[in-house]
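Shown next, in structure tokens, is the structure this report addresses.
Nothing in this text is a laboratory measurement; each read-out follows from the coordinates by a stated rule. Being a predicted model, the structure only gives us computed values, none of them experimental. In this analysis, Cβ positions are derived from the backbone assuming ideal geometry, glycine residues included, and neighbour counts consider all displayed protein chains.
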Amino acid sequence: AQSVTQLDSQVPVFEEAPVELRCNYSSSVSVYLFWYVQYPNQGLQLLLKYLSGSTLVKGINGFEAEFNKSQTSFHLRKPSVHISDTAEYFCAVSDTGRRALTFGSGTRLQVQP
Amino acid sequence: DTEVTQTPKHLVMGMTNKKSLKCEQHMGHRAMYWYKQKAKKPPELMFVYSYEKLSINESVPSRFSPECPNSSLLNLHLHALQPEDSALYLCASSQERPGARELFFGEGSRLTVL
């Protein structure tokens with residue numbers, strides 16, 4: 001079985017500051033990892049994904065994440081956040097056998113002026 | 001703009017009503033999904049269709065009945081729902097091959113059961 005843990009339910013940060021949203025996963029097989037963003041009253045939009053290859057993955061809106069197999073982590077980072085980045089962020093995992101994604105509990109990023 | 005279209009965006013229904021949620025995609029994806037999302041919670045998988053056949057049912061109550069008429073359409077038929085079924089229902093699609101498991105989501109249908 002696979003699972004995802006997002007360690008922070010809320011992350012307040014000031015505009016133009018850097019941010020890291022943490023994600024740890026557990027799985028007995030190889031995994032695919034994703035970060036999605038959800039703005040209020042909207043669906044989920046893919047920020048970035050790790051399937052294989054380079055462990056540093058760059059996504060949309062200036063976000064990046066690093067896959068660390070030894071620490072079973074896939075933390076999301078942005079060097080300088082904007083007010084418009086305020087949203088809910090979900091880490092998700094799927095493995096080579098199970099098609100559907102398993103989501104973490106989400107992290108609310110609140111960017112303050 | 002999302003390439004997965006869900007209708008209606010909002011639906012209010014009584015516990016004795018019968019209604020349907022609809023989802024359409026034109027990306028040529030052969031896997032389609034229904035997720036349920038309660039407020040301040042992550043999406044929870046309900047159903048997965050692969051090549052128009054139901055492949056995963058996450059022990060969803062029978063008052064929810066999915067249907068996949070063709071590779072572009074996915075419906076969720078609702079009957080005798082309970083107030084606790086009020087939630088955002090998300091449709092998603094993906095390619096059906098290893099490595100391409102990125103899900104594309106619609107904007108959801110917000111359901112309120114009175």
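If you place +1 on the Cβ of every Lys and Arg, -1 on the Cβ of every Asp and Glu, and leave all else neutral, what size is the dipole of the range B:55-103 about its Cα centre, to the nearest 20 Debye?
Roughly 120 debye for the range B:55-103.
Based on DSSP, what percent of beta bridges with both residues in chain A are antiparallel, to the nearest 5?
Once the DSSP bridges in chain A are tallied, antiparallel ones form about 85 percent.
Determine the distance separating the Cα centre of the range B:1-47 from the Cα centre of the range A:73-113; give it in Å without decimals.
So the two Cα centres are separated by 21 Å.
Could you grab the relative contact order for chain A? Cα pairs under 8 Å, six or more apart, rounded to a whole percent.
The normalised contact order for chain A reaches 38 percent.
Classify chain A as rounded, prolate or oblate, taking a ≥ b ≥ c as the square roots of the eigenvalues of its Cα gyration tensor: rounded when a/c is under 1.5, otherwise prolate if a/b is larger than b/c and oblate if not.
It is prolate, given that a/c is not under 1.5 and a/b is the larger ratio.
About the Cα centre of chain A, how large is the charge dipole given +1 on each Lys and Arg Cβ and -1 on each Asp and Glu Cβ? Please answer in debye to the nearest 20.
Charge dipole of chain A: 380 debye, to the nearest 20.
Here is the link list: B:Lys19/B:Lys53; A:Lys49/B:Lys41; A:Lys58/B:Lys9; B:Lys9/B:Lys41. Which ones come out longer than 28 Å on Cα distance?
A:Lys58/B:Lys9, as the Cα separations exceed 28 Å there.
Please report Rg over Rh for the protein assembly as shown, where both radii come from the alpha carbon positions and Rh follows the Kirkwood definition.
Reported Rg/Rh, Kirkwood definition of Rh: 0.97.
Return the long-range amide H neighbours of B:Glu96 (sequence gap of 5 or more, or a different chain), with a cut-off of under 5 Å between placed amide H atoms.
The list, which skips near neighbours in sequence, is B:Arg30, B:Ala31.
Based on other C-beta atoms within 10 Å, arrange A:His82, B:His29 from fewest to most.
A:His82, B:His29
Report, to two decimal places, the Cα Rg of chain B normalised by 2.2 N^0.38 Å (N = number of residues).
Dividing the Cα radius of gyration by 2.2 N^0.38 Å gives 1.00.
Starting with the fewest neighbours, write out B:Cys23, B:Cys68 ranked by other beta-carbon atoms found within 10 Å of each beta-carbon.
B:Cys68, B:Cys23
Which residues among the range B:11-37 fall inside the zone where the amide N is under 15 Å from a point 7 Å beyond the Cα of B:Arg63, along Cα→Cβ?
Hits in the range B:11-37 for B:Arg63 at 15 Å: B:12-20.
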